[in-house]
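Quick notes on the structure that follows.
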Amino acid sequence: MTSFTSEMTANDLLVPMILQGMGMGLVFVPISTLAFTTLPKEIAAEAAGIYSLIRALGSSLGISILITYFSRDTQQNWSLLRGAINPYNEALHNYLAPLHLGTNDPQGIHLAAQAVLHQAQNIGYINSFWFATINFVLMLPLLLLLRSPAKGTPAQLQVGPD
């Protein structure tokens with residue numbers, strides 16, 4: 001997804017979305033299985049509720065962080081790219097000429113501003129995908145903290161002092 005362009009079609013998105021869906025299943029199913037095999041059966045219902053709550057909160061927090069990153073990055077890219085919209089930019093004249101618009105025409109400036117915003121958002125998406133990828137890679141060492149339960153020893157529920 002870090003190589004997306006603004007010229008992509010819906011068909012171009014199909015394979016990455018399928019891979020993403022399969023990846024989610026390959027991540028969450030083993031984590032859920034591992035979490036519940038280490039718990040006694042007596043507290044499975046409560047644990048399922050807490051697990052669902054934490055998963056929902058974690059997803060919401062992750063999406064919020066990613067959207068904030070996207071918004072800020074898009075604003076920064078817009079600020080950098082909008083400097084190219086000026087009457088002295090030959091590329092802007094070449095962009096507007098086939099449309100019979102000029103740099104003094106409000107419709108031409110509006111069209112150029114929309115193109116710049118579109119590119120700023122595209123850069124924001126790509127940078128957000130890289131941000132998510134880097135964060136995922138940085139979290140991979142946490143897998144070393146997972147241990148499967150010892151075979152043949154059911155989990156014991158201990159309540160209160162020993």
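Bear in mind that the values in this text are calculations on the coordinates, not laboratory data. Only a predicted model underlies this, so the values are computations on that prediction, with no experimental measurement involved. Methodologically, a virtual Cβ is constructed for each residue, glycine included, from the backbone with ideal geometry; neighbour enumeration extends over all protein chains shown.
Against the longest alpha carbon principal axis of the chain, how many degrees, from 0 to 90 and to the nearest 10, is the axis of helix 10-37 turned?
Helix 10-37 sits roughly 20 degrees off the main axis of the chain.
Dipole magnitude of region 1-113 about its Cα centre, charges +1 at Lys/Arg Cβ and -1 at Asp/Glu Cβ only, in debye to the nearest 20?
260 debye
Express in nm, to one decimal, how much length is gained between L66 and Q20 on full extension, taking 0.36 nm for each residue of separation and deducting their alpha carbon distance.
14.9 nm
With axes computed from alpha carbons, what is the tilt in degrees of helix 44-81 against the longest principal axis of the chain, rounded to the nearest 10 within 0 to 90?
It is inclined by approximately 20 degrees.
Show me 128-136, 19-27 ranked by packing, highest mean number of other Cβ atoms within 10 Å first.
The packing order, highest mean first, is 128-136, 19-27.
Exposed loop sites here are trypsin sites (Lys or Arg not before Pro) in DSSP loop states with at most 11 other C-beta atoms within 10 Å. What is the longest stretch of the chain lacking them?
My reading of the result: 1-146 is the longest stretch.
For a quick protection proxy, order the peptides 84-92, 108-116 by their average other-Cβ count within 10 Å, most packed first.
108-116, 84-92
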